[in-house]
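Remarks on the structure that follows.
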Amino acid sequence: MRKGEATRERILESALELASTEGLTGLSIGRLADRNGMSKSGLFAHFGSKEGLQLDVLELATAKFRDSVFTPALRADRGEPRVRALFTRWLDWADHQSLPGGCLFTAAAAELDDQPGPARDALVEAQRQWTDTLARAARIAIDERHFRADLDPYLFAFQLHSILLGYHHARRLLRDPEAGRRARDAFEALITSARSRGTR
């Protein structure tokens, strides 16, 4: 890796950490330059604009999410085991070491929901792809006869996402020590309701 690429990667890691606690709109070229011991012009040369920086941070977060959650979960058996792996790794992601403020996507969703622009568009696309992934995992579980045939895969994905949003709220805002247990209990209840009769 060339020096310029290594510097850019280091800046992005720092920006991701900062964005997880202060939001994407809290990122600024000046503040990030100070944090990394650089000049504003030096840092600007890597990203071009605050908007470019936000998009690159979202891209980095998406890549880390894929590597931490999606790719390892694919090693689990098809059907319910893979759904379980996705949930477990997704729950772990909310406390990922590179995200001291919790899941960036959850925080950015509240931050950008009424703020049109490229950053919101990128976040929406990433979240739609994730919803499709969860629904596809549920559909495979139906095909494997782990889940009942009349299950709505997108409703299942919606409910699973709701559990993680609830976890993030309880864990980050309320500092509820029982947040993890409640999220896992809610997941087990969802799985029970989704199973076919032969697998109960």
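Okay, here's what the table says:
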{"read-out": "Filtered residue count, region 9-25, keeping only those that are within 18 Å of residue 110 (Cα to Cα) and in a helix (DSSP H, G or I)", "value": "7"}
{"read-out": "Matching option when the condition is surrounded by 14 or more Cβ atoms within 10 Å (Cβ to Cβ) and farther than 29 Å from residue 143 by Cβ, among 26, 52", "value": "52"}
{"read-out": "Every pair of residues 6+ apart whose Cβ atoms lie under 6 Å, when the first sits in region 70-81 and is touching a residue at least 60 places away in the same chain (Cβ under 8 Å) and more than 14 Å from residue 133 (Cβ to Cβ) while the second is of a type in the set (Gly, Ala, Ser) and assigned to a helix (DSSP H, G or I)", "value": "79/141; 80/141"}
{"read-out": "Single unsatisfied condition, residue 88 versus (1) farther than 17 Å from residue 171 by Cβ; (2) polar (S, T, N, Q); (3) modelled with pLDDT of 85 or more", "value": "(1)"}
{"read-out": "So residue 157, is it at pLDDT 95 or above, surrounded by 18 or more Cβ atoms within 10 Å (Cβ to Cβ), in contact with a Lys or Arg (Cβ under 6 Å, 6 or more places away or on another chain) and in a helix (DSSP H, G or I)", "value": "no"}
{"read-out": "Residue in region 143-153 that is part of a helix (DSSP H, G or I) and aliphatic (A, V, I, L, M) present", "value": "no"}
{"read-out": "Unique residue being closer than 25 Å to residue 157 by Cβ and either free of Cβ contacts under 8 Å to residues at least 24 places away in the same chain or in a helix (DSSP H, G or I) (or both) when the list is 107, 33, 45", "value": "107"}
{"read-out": "Subset of region 72-114 that is touching a strand residue (DSSP E or B) at 6+ places or on another chain (Cβ under 9 Å) and not charged (D, E, K, R) - its residue that is surrounded by the fewest Cβ atoms within 10 Å (Cβ to Cβ)", "value": "79"}
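The values are calculated or read from the model by the stated rules, or taken from the named source; none is laboratory data. Keep in mind it's a predicted model, so treat the numbers as computed, not measured. Glycine gets a Cβ as well: all are built from the backbone with ideal geometry, and neighbour counts include every protein chain shown.
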